[in-house]
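Take a look at the following structure, please.
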Amino acid sequence: MKLIVLKAKAESCEACDLCKTRTNVVFGEGNPQAQIVFVGEGPGRTENDTGRPFVGRAGKLLTNMILSIGLKREDVYILNIVKCWPPNNRKPTQEEMNACRPFLVRQLETIQPRVIVALGNTALGGLTGNDGGITKRCGVWEDVEVGYIKSKLMPCFHPSYLLREPKYKDNAWYALNSVRKLLRETI
Ligand code: SF4
């Protein structure tokens, strides 16, 4: 399914209660043929206001993280596990993540990335079903199957978390450097 069709479906989705409090559905954006997809947890307040993923301070840091692997924001695709803002920037519930999963699956099946970067524990759990352990898993390659696609998965800290806990930036840069190396070797 084309991303534009899927986006239109998401914009009228009422499959979970987040539809009641959203201003905009934040579907995701970027290169539909991207080799690499960055997956976050869910839109924050600014993303809800603008309809775009990863804007504001965390978005700026994500842009720098993408630049560090030799790519620009428009080269990659950026999306979240849930497409609507969980009020007060809380974590999405498992029910909300389950309700939104068909969009995640179809987005990834359409883009067919070679590498997925999971930003933070919630994204890691949403992609692998195995939540937690980002501190240990950051920088260590995993394999993931989402729908019918198989991809390399790199767990990494969420940029919002890195803004609060800059001591983990070295771990994040290590993870991103591994992604940069793999892309150089294989693309
Ligand atoms: Fe639909 Fe996902 Fe938004 Fe819930 S979060 S209303 S499932 S698009």
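Taking the stretch 149-187 only, how many residues are loosely packed, with under 12 Cβ neighbours inside 10 Å and in contact with a helix residue (DSSP H, G or I) (Cβ under 6 Å, 6 or more places away or on another chain)?
0
Using beta carbons and a limit of 6 Å, which pairs, at least six apart or on different chains, have the first residue in the stretch 159-187 and modelled with pLDDT under 95 and the second one not in a helix (DSSP H, G or I)?
187/35
Scan the stretch 89-103 residue by residue and report those that are near the ligand (Cβ under 8 Å from one of its atoms) and either hydroxyl-bearing (Ser, Thr, Tyr) or in a loop (DSSP other than H, G, I, E, B) (or both).
92
Among the residues in the stretch 82-95, are any surrounded by fewer than 20 Cβ atoms within 10 Å (Cβ to Cβ), of a type in the set (D, E, K, R) and within 30 Å of residue 184 (Cβ to Cβ)?
no
Do we find a residue being more than 23 Å from residue 6 (Cβ to Cβ), assigned to a strand (DSSP E or B) and out of contact with any Ser or Thr (no Cβ under 7 Å at 6 or more places or on another chain) anywhere in the stretch 156-173?
Scanning the stretch 156-173, I find at least one residue that is more than 23 Å from residue 6 (Cβ to Cβ), assigned to a strand (DSSP E or B) and out of contact with any Ser or Thr (no Cβ under 7 Å at 6 or more places or on another chain), so the answer is yes.
The values are calculated or read from the model by the stated rules, or taken from the named source; none is laboratory data. Computed from a predicted structure; not experimentally measured. All Cβ positions, glycine included, derive from the backbone under ideal geometry; neighbour counts span all protein chains shown.
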